[in-house]
1. Tell me, please, whether a residue that is under 14 Å from Leu118 (Cβ atoms), surrounded by 14 or more Cβ atoms within 10 Å (Cβ to Cβ) and within 17 Å of the chain's Cα centre (by Cα) can be found in segment 75-92.
2. State all residues of segment 43-64 that are within 18 Å of the chain's Cα centre (by Cα) and either aromatic (Phe, Trp, Tyr) or surrounded by fewer than 14 Cβ atoms within 10 Å (Cβ to Cβ) (or both); if no residue qualifies, say none.
3. Kindly establish whether Val56 is more than 13 Å from Cys141 (Cβ to Cβ), without any contact (Cβ under 8 Å) to a residue 40 or more places away in the chain and part of a helix (DSSP H, G or I).
Amino acid sequence: MKIFALAAAAATLLSLAAPASAQFAKTEDAIKYRQSALFVMGQHFGRINAMATGRVPFDAKVAAENADVVASMSKLPWAAFGPGTDKGGDTKAKAEIWTEQAKFKEANEKLVAETVKLAAAAKTGNLDAVKTAVTATAGTCKACHDAFRNK
């Protein structure tokens, strides 16, 4: 029984230590996952941006709900940029993601931080605060796209 318990504990620890990319059965699954997460994030950010730019009336409740989704989604795609996911599938990811991993990680962390600020600004119900946060978040998105996404 002790051997079984030790084996189970070892298996559990190994599974927790496995790289995040191991959660995807195929490279294409990882690519689809990250693209889907980024798409959903972009859709919800677009709703807030439309309010910030005056294309639709500002609704503080809707802005806060969408900002929470953006902040949550901003944490998801990064695990799907694992080794081997630079090729295969329909991806616009530049090779620099894998050759400049520290810079890519920094861009990821900036985005997550800005989306947290966006969610906080949206919760205030203050349109000017939302506009400021939208501008900062959009700038972070653009910088990452410029450095790490093919046109």
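1. There is at least one residue in segment 75-92 that is under 14 Å from Leu118 (Cβ atoms), surrounded by 14 or more Cβ atoms within 10 Å (Cβ to Cβ) and within 17 Å of the chain's Cα centre (by Cα).
2. Within segment 43-64, Gln43, Phe45, Gly46 meet the criteria.
3. Here the answer is no, as Val56 does not meet what is asked.
Quick grid of which residues meet (1) modelled with pLDDT under 95; (2) assigned to a loop (DSSP other than H, G, I, E, B); (3) more than 23 Å from Glu109 (Cβ to Cβ):
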site	(1), (2), (3)
Ala5	yes, no, yes
Ala10	yes, no, yes
Ala25	yes, yes, yes
Phe39	no, no, no
Gly46	no, no, no
Ala50	no, no, yes
Lys61	no, no, yes
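The values are calculated or read from the model by the stated rules, or taken from the named source; none is laboratory data. What you see is a predicted model, and the numbers here were worked out from it, not measured in a lab. In this analysis, Cβ positions are derived from the backbone assuming ideal geometry, glycine residues included, and neighbour counts consider all displayed protein chains.
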